[in-house]
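To keep things clear, I will list the structure first and then write my remarks on it.
The values are calculated or read from the model by the stated rules, or taken from the named source; none is laboratory data. Note that the coordinates shown come from a computational prediction; the quantities given were computed from them, not determined experimentally. Note that each Cβ is placed from the backbone with ideal geometry, even for glycine, and that neighbours are counted across all protein chains shown.
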Amino acid sequence: MPMIQATDGPIWRKRTPLKQWLIWGGWLVGLCIAVYAWQLISEKTIWMFVWDAPRQMADIGTRMVPPDWSYMDKLWRPVWDTLNIATIGTAIAMVLAVPIAFLAAHNTTPHKSVRAVMLFIIVGTRSVNSLIWALLLVVIVGPGVLAGTIAIGFRSIGGCAKLIYEAIEEIDQTQVEAIEATGGSRAQQMVYGIVPQILPTIAGVGVFRWDINVRGSTILGIVGAGGIGVQLNASINVLAWTQVSMVLIVILGTVFVSEYISAKVRGAII
Amino acid sequence: MSDASTQYADTWKKPPFIKNSVLRWLIYLGTVTYFFVALYTMEVNWPRVAEGIPRGIDMLSKFFPPDLSDSRGVILDGILESIWMAIISTIGGILLSVPIGLGAARNLAPTWMYLFCRSIIAVSRTFPEVILAIFAVKFFGFGPFAGFVALSIGTIGFFAKLLAEDIENMSKSQAEAVRATGASWLQWVNYAIQPQVLPRMIGLSLYRLDINFRESAVVGIVGAGGIGAHLLTSVQRYEYATTATILFSIIGIVIALEYTSGYFRKWVQ
C-alpha cells in the first residue's frame with residue numbers, strides 16, 4: 001500500500017498514482033469504445049420504430065393472451081422431434097468427441113501433428129453456431145430433423161471434446177504409471193488407468209451438453225432444420241399470436257424440464 | 001485373520017460405473033429402447049439425402065478458394081456491425097444485470113424482490129437469443145438495435161445469475177465488518193460486496209463478450225443486424241465462396257476473441 005508524505009503526516013492510498021491513472025485511462029478507453037459503438041448502432045436504427053415499440057408490445061401482448069391451448073395437439077410431435085434432435089445429436093457428438101479428445105490431449109496423443117489437427121477440429125466446430133451449421137446442412141441433406149441432428153452434433157463435438165481432453169490432461173498420472181509397471185500395453189493403460197478417472201467427467205459433460213442442446217434445438221426450425229422452431233416460425237409468419245404464446249410456453253416447459261433432469265443427473269454422478 | 005477355507009475370487013473385473021445392477025440394466029434397456037423409438041419415428045427423406053451428397057461435395061469445392069473480393073462491400077460492414085453489437089450489448093446487459101443480480105441475491109434482498117428478480121433471470125435464460133431476437137425485431141424493427149436488445153436481455157440471464165450466486169457465496173465477515181462501522185446500504189454494497197465480486201465479474205464479462213459475438217453472428221438470420229443476414233443471403237443465392245469467407249472470418253474472430261479474453265481473464269485474476 002503506497003504512502004504519500006504530506007506536511008501533516010503520511011496519507012495512505014489504496015493504489016500508486018500511476019496505477020490510479022492507468023485505471024482511469026482504462027475506463028476512459030472503455031467509455032470511448034462504448035460511445036463509438038452506440039453511435040454506429042444508432043446510425044443504423046430507425047428511431048421511429050423504436051419509439052413505437054411500447055405500443056407494438058402492448059398490441060402483440062394483448063393478442064398473445066389467452067394462449068391457444070388446443071394448438072397443443074399439434075405440438076407434441078415437434079416437442080418429441082426437438083428432444084430427439086438434442087439427444088441423438090449429443091449422442092453422435094459424444095461418440096466422436098471421446099476419441100478426438102484422446103487424440104488431442106497431450107498425454108495420450110500419438111503425435112504432435114495429430115494433436116494439432118484434432119485441436120483444429122475442436123476449435124472449428126465450436127466456433128460456428130449450430131444455427132449456421134443447420135443453415136448449411138439444410139442445403140445439403142434437405143430440410144428436416146436430420147439436418148438439425150447433424151448440426152447439433154457438429155457443434156457439440158468441439159464443446160464436448162474440449163472439456164474431455166482438458167480432463168484427460170489433468171488426470172492423476174501415477175495410476176497410469178502403476179498400470180504401466182505391471183506390464184500393461186498402451187491400450188490397457190488407457191482402459192484401466194485413464195478411462196476410470198475421466199468417466200464421471202464424460203457422463204457429466206454429456207448431460208451438460210444435452211441440456212444446452214435442448215435449448216439450441218428449439219431454434220433450428222427457423223432455418224428449416226426440424227423441431228419446434230418450425231411451428232414457432234410458421235405461427236409468427238401468419239401472425240397467429242395465440243399459437244405463438246402456446247409455443248413459447250411449451251419451449252419454456254421443455255427447457256425447465258431438461259434443466260431439472262440435467263441438474264438431478266449431474267448431482268447423482270458427481 | 002479370516003477363515004482359511006474362504007474362497008477368494010481369482011479373477012478381477014472392473015467395477016461398473018453404476019453400482020446398483022437393477023438400475024444399471026434399466027438404464028441400458030431404457031437407452032436402447034429410446035434410441036430405437038427415436039430413430040424409428042425420425043422422418044428422413046433418404047432419396048433427398050442421397051441427392052444431397054453430391055451437393056455437399058459441390059458446396060465444399062466452392063468453399064475453396066473463398067471469395068475475398070467482397071464485391072458488394074457488405075461483408076466487412078456486417079462483421080464490424082456484429083462486433084460493435086456484441087460490445088454494446090455486453091455493456092448494456094451488464095448495466096441491467098447489476099441491479100437484477102443484487103436483487104436476486106438471497107442474503108441481500110427481501111423475498112418478494114428475490115422472487116421477482118429470479119423469475120426475470122429464469123425467463124431470459126430459458127429462451128435462446130435467437131427467439132429473443134425474433135421478438136425484438138417485431139417490436140423495434142429490423143436492424144442492429146433489435147439485436148442489441150435481444151443480446152442484452154440474454155446477457156441478464158447469464159450475468160445476473162452468476163453475480164447473485166457470487167454474492168450469496170461471499171465471505172460474511174467482511175460484510176459484517178463494514179456494516180459494524182455504521183455504513184449505509186449503498187456504502188455497504190460498495191465497500192463490502194463490490195471488492196469481493198469484482199475480479200470474477202470482470203472475467204465473466206469478457207467471457208460473455210465472447211458469447212455475445214457468437215450470437216451476434218447469427219441473430220442476423222432473423223433480421224436483427226450483423227453478419228448473419230449476409231450469410232443467409234449468400235447461402236440462398238448459392239454463392240458458397242462468399243459463404244466460406246463469412247464462415248472463416250467468424251471462426252477467426254471467435255478464436256482471436258477467445259484467446260484475448262482468456263489472456264485478459266488470467267491477467268485480471
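Computed quantities for the displayed model
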{"read-out": "Failed criterion for A:Ser113 (all others in (1) at pLDDT 90 or above; (2) out of contact with any His (no Cβ under 8 Å at 6 or more places or on another chain); (3) surrounded by 15 or more Cβ atoms within 10 Å (Cβ to Cβ) hold)", "value": "(3)"}
{"read-out": "Boolean, B:Ile91 is within 14 Å of chain A (Cβ to nearest Cβ), closer than 20 Å to A:Trp38 by Cα and at pLDDT 90 or above", "value": "yes"}
{"read-out": "Members of region B:73-88 found to be touching a helix residue (DSSP H, G or I) at 6+ places or on another chain (Cβ under 7 Å), under 17 Å from B:Phe142 (Cβ atoms) and more than 9 Å from every other protein chain (Cβ to nearest Cβ), listed by number", "value": "B:Val74, B:Gly78, B:Ser82"}
{"read-out": "Test for B:Thr243: is it crowded, with 21+ Cβ neighbours inside 10 Å and out of contact with any strand residue (DSSP E or B) (no Cβ under 9 Å at 6 or more places or on another chain)", "value": "yes"}
{"read-out": "Where B:Glu129 falls short, out of the listed (1) within 30 Å of A:Gly142 (Cβ to Cβ); (2) out of contact with any Gly (no Cβ under 6 Å at 6 or more places or on another chain); (3) surrounded by 15 or more Cβ atoms within 10 Å (Cβ to Cβ)", "value": "(2)"}
{"read-out": "Extreme residue, nearest to the other protein chains (Cβ to nearest Cβ), among residues of region A:75-133 that are under 14 Å from A:Leu163 (Cβ atoms) and within 16 Å of the chain's Cα centre (by Cα)", "value": "A:Val123"}
{"read-out": "Residues within region B:216-269 that are assigned to a loop (DSSP other than H, G, I, E, B) and polar (S, T, N, Q), tallied", "value": "1"}
{"read-out": "Scope region B:217-226; condition over 14 Å from B:Ile134 (Cβ atoms) and within 10 Å of chain A (Cβ to nearest Cβ); matching residues", "value": "B:Ala217"}
{"read-out": "Residue selected from region A:213-256 under the condition within 28 Å of A:Ile269 (Cβ to Cβ) and surrounded by fewer than 19 Cβ atoms within 10 Å (Cβ to Cβ), by the criterion nearest to the other protein chains (Cβ to nearest Cβ)", "value": "A:Leu252"}
{"read-out": "Hits in region A:142-157 (condition: at negative phi and at pLDDT below 90)", "value": "A:Pro143"}
{"read-out": "Unmet criterion (only one of (1) closer than 23 Å to B:Pro16 by Cα; (2) within 12 Å of another protein chain (Cβ to nearest Cβ); (3) among the small types (Gly, Ala, Ser)) for A:Ala178", "value": "(2)"}
{"read-out": "Odd one out for A:Tyr260, checked against (1) crowded, with 20+ Cβ neighbours inside 10 Å; (2) within 19 Å of the chain's Cα centre (by Cα); (3) without any contact (Cβ under 8 Å) to a residue 60 or more places away in the chain", "value": "(1)"}
{"read-out": "Residue, farthest from A:Gln231 (Cα to Cα), within region A:41-74, restricted to residues that are more than 10 Å from every other protein chain (Cβ to nearest Cβ) and in contact with a helix residue (DSSP H, G or I) (Cβ under 6 Å, 6 or more places away or on another chain)", "value": "A:Arg63"}
{"read-out": "B:Ile156 under 26 Å from A:Thr254 (Cβ atoms) and more than 14 Å from chain A (Cβ to nearest Cβ)", "value": "yes"}
{"read-out": "Every residue from region B:27-62 that is more than 20 Å from A:Ile85 (Cα to Cα) and either within 7 Å of chain A (Cβ to nearest Cβ) or in contact with a helix residue (DSSP H, G or I) (Cβ under 7 Å, 6 or more places away or on another chain) (or both)", "value": "B:Arg55, B:Gly56, B:Met59, B:Lys62"}
{"read-out": "The one condition in (1) more than 10 Å from every other protein chain (Cβ to nearest Cβ); (2) surrounded by 18 or more Cβ atoms within 10 Å (Cβ to Cβ); (3) farther than 29 Å from A:Ala104 by Cβ that A:Ile164 fails to fulfil", "value": "(3)"}
